[in-house]
Amino acid sequence: MIDDIWQRSAWETIHCALPKNNHASRIIITTRIKSVAQFCTSAEGFVYQMKPLNKSDSESLFLRRTFGAEENCPSQLEGVINKILYRCDGLPLAIITLASLLADKPRREEEWERVLKYMGSMPKKDSELEVMDKILSLSYNDLPHHMKNCFLYLGTFPEDHDIGKDILVWKWIAEGFIVAKQGFTLEVIAESYYYELINRSLVQPVNMLHGVSEHGCRVHDIVLSFIISRSTEENIFTMLDDQELPSSKTRIRRLSVWNKQQYPTFISQESMKLSHVRAISICHVDGWTIPPDLDLPVLRVLDLEGCSALRNAHLDCIPSLFHLRYLGLSRTSIDSLPAQIGKLEYLQTLDVRSTLVRRLPESILHPKRLMRLVGDELILLDGFGNMESLQELGIVDGCNCSISFGNDLGLLSKLRVLRVMFKCEDSSDLDTRKKSLMSSLCKLGGNSLRSLYIKSSITGADCSADSWCPSPILLQKFEYKGVRYFSSFPKWIKPLLVDLAYLDFRIERMEGEDLCVLESLPALTVLCLTVKHVSEDGLMISHGAFQCLRRLEFCNTDGPGLMFEVDMPRLEWLKLEFNADKAQSTYGSFAVGTSTCPLSNLLISLLGWSHLKTKMSMRGRPSGLLSVTTSRCFLITPSLTSHFCNASSVHISSCTAARFFGGY
């Protein structure tokens, strides 16, 4: 499938790469331009004209987004809603955008009539894009003043790009878009802006890396066109993207170049007026390096992600960028930072992920405003506890920092996100290092710590499940990746952790009461467990449990696994690994209740198969199943196969003993 072709020349280029044979392959192309669709169609193909939503579907979509259910629509608004839907003309994006705008408005007829009056200025025969432009203008004008620049800043990223939440939020902060509020950090306020844009349907949320560790958003191309148009009017940014190059007289405030190899020479010359530029994002441009003579006196953001030609010597001019707040060097070829980097006293974010930078210079301790320091296996010097503004740190090399690095960690009272790894060649002092870490966690858990990631690639003592005291009351995410399993269920996991949303760890043995503790966590959305042994009578999820859970992974390859016949209304991703024979002897059968789950991914791995009489069943039909994967030996019955009718892909691998029944 080839999505969103705008020009005939694009299809001519793509068409040359496609094999010409008679193997009955099919190619699906999407475009908004009818003439392009007709040009791309072969003699055996046809053009399918997408139709707008009918009146009933338009109303259902609008009411679900605005009120949550159709029956909750106030009677006094029915007339104005019909008029609004008439103006939307069955365009789903228009309906969703307007519904999101009105969802937070008072349910008064005069308030909604005001929106309708604005829409009334649109001629009845406006094109779809003109209708959307009017609606997006309405949504944009309704944004609080302090959020408008945040919204327009999304245009500095290319079309169809998954924008990482953290990158976006910290760039907003560096640009000065975030209005301080007493009692809240700038990051928390910026995240509230981010989620408000999602709530208003101005951006689309995406779960990067399968929704496990990264969160991000994407901008619909129609919305992006609106952003670029509005930003051009207000000179918010300049995007070099196959368009006419700006005049040398143009005052550039923000410059963005992505994946465009033809511009490096142009950017390096004195053909641009860059003395007023506040942000430069030159990402994945292989041939570009920092010209030593560039004069950037007010630069706040410099992001050079993926510029593979960048070397250590090219960074010599960076300490002169006095006002720099955001420095992104990820995926470049550097292996050290300039010793003078400590001169950047306003620096807030330093990103050296996916580089060879390990040992940081001593001067990195000097910038007192540094809030985010991220890289891979970072070796910190003694005294880093004086970096009092740090809110995010990692990945810290727990084996090569000072043996008492935990003492410095414990001094970082504002730290919200911490990532640590242990990859020691000499493990003689490993227990001491981990105890030092746990001592610091006991301090951080009572302060601001929200997220903890620990990775250990060696055997030895784990982070004690019982020694984190008091319980980290503000913790939202805990992830432990290691060779070693927790010897017992962590006692610090308690029902009082009302914000804990993400858990991922390995454990030797899990009992029924441990599962009850997990069921009592009200905010849990992701649960990934690898368990060696479960109790003799197995584990059964209680009715009414895990109402917020979106992703569940339970791997018990030597045991009977996890049993549930309950509805988890938000479950989207389910992965189960267990021993089929032991499931048969423990439960008698294996049932998965999914009748109301919006399940989109199902992966089941069964081992130890010997009794082909064992059957797996699914109660109910998941409404949005997109992908089903089974491995090893799997008995598939008609009742189970019927649940896969909505799946876009069904993968059954290594099924040497698998059998299909009932003609499937």
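Taking helices (runs of 4 or more DSSP H) that fall entirely within the stretch 10-103, which contain at least 2 residues that are closer than 20 Å to V131 by Cα?
Numbers: elements: 34-40, 55-67, 78-88, 92-103.
Because the criterion is at least 2 residues that are closer than 20 Å to V131 by Cα, the helices (runs of 4 or more DSSP H) in the stretch 10-103 that meet it are 55-67, 78-88, 92-103.
Considering only residues that are at pLDDT below 90 and part of a loop (DSSP other than H, G, I, E, B), which ones fall in the stretch 438-460? Hits for the stretch 438-460 are G445, G446, N447, S448, S457, I458, T459, G460.
Among residues of the stretch 461-480 being among the acidic types (D, E) and modelled with pLDDT under 85, the one that is surrounded by the fewest Cβ atoms within 10 Å (Cβ to Cβ) is D466. Within the stretch 345-357, the set of residues being modelled with pLDDT of 95 or more, assigned to a loop (DSSP other than H, G, I, E, B) and not hydroxyl-bearing (S, T, Y) comprises L347, Q348, V352, R353, L356, V357. As a summary of the residue check, P144 satisfies the conditions (1) under 35 Å from the mean Cα position of the chain (by Cα); (2) at pLDDT 75 or above; (3) surrounded by 13 or more Cβ atoms within 10 Å (Cβ to Cβ) except for the one numbered (3).
The residues of the stretch 357-395 that are open to solvent by less than 10 Å² (accessible area, probe 1.4 Å), of a type in the set (A, V, I, L, M, F, W, C) and in contact with a Lys or Arg (Cβ under 7 Å, 6 or more places away or on another chain), listed by number, are V374, L378, L390.
Residues are listed down the side, and each one gets a yes or a no for (1) of a type in the set (A, V, I, L, M, F, W, C); (2) closer than 23 Å to C442 by Cβ; (3) without any contact (Cβ under 8 Å) to a residue 40 or more places away in the chain:
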position: L347; (1), (2), (3): yes, no, yes
position: S354; (1), (2), (3): no, no, yes
position: P361; (1), (2), (3): no, no, yes
position: L373; (1), (2), (3): yes, yes, yes
position: L381; (1), (2), (3): yes, no, yes
position: F384; (1), (2), (3): yes, yes, yes
position: G394; (1), (2), (3): no, yes, no
position: L411; (1), (2), (3): yes, yes, yes
position: R416; (1), (2), (3): no, yes, no
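Apart from one condition, A69 fits all of (1) at pLDDT below 80; (2) open to solvent by 30 Å² or more (accessible area, probe 1.4 Å); the exception is (2).
Looking across the stretch 491-544, the residues that are in a loop (DSSP other than H, G, I, E, B) and either among the hydroxyl-bearing types (S, T, Y) or in contact (Cβ under 8 Å) with a residue 60 or more places away in the chain (or both) come down to S520, T525, S535, S542.
Can you tell me which residues in the stretch 551-562 are surrounded by fewer than 21 Cβ atoms within 10 Å (Cβ to Cβ) and either closer than 15 Å to L515 by Cα or in contact with a Lys or Arg (Cβ under 6 Å, 6 or more places away or on another chain) (or both)?
Initially, the stretch 551-562 is screened for residues surrounded by fewer than 21 Cβ atoms within 10 Å (Cβ to Cβ), giving 553, 555, 557-558.
The answer is E553, C555.
Got at least one residue in the stretch 3-25 being open to solvent by less than 40 Å² (accessible area, probe 1.4 Å), in contact (Cβ under 8 Å) with a residue 60 or more places away in the chain, over 30 Å from E109 (Cβ atoms) and not small (G, A, S)? Yes, some residue in the stretch 3-25 is open to solvent by less than 40 Å² (accessible area, probe 1.4 Å), in contact (Cβ under 8 Å) with a residue 60 or more places away in the chain, over 30 Å from E109 (Cβ atoms) and not small (G, A, S).
The values are calculated or read from the model by the stated rules, or taken from the named source; none is laboratory data. Just so it is clear, the model here is predicted, and its values are computed rather than measured. With ideal geometry, Cβ positions are generated from the backbone for all residues, glycine too; neighbour counts draw on all protein chains shown. Surface accessibility is based on the protein's heavy atoms, side chains included, excluding ligands, DNA and RNA. Shrake-Rupley method; radii C 1.70, N 1.55, O 1.52, S 1.80 Å.
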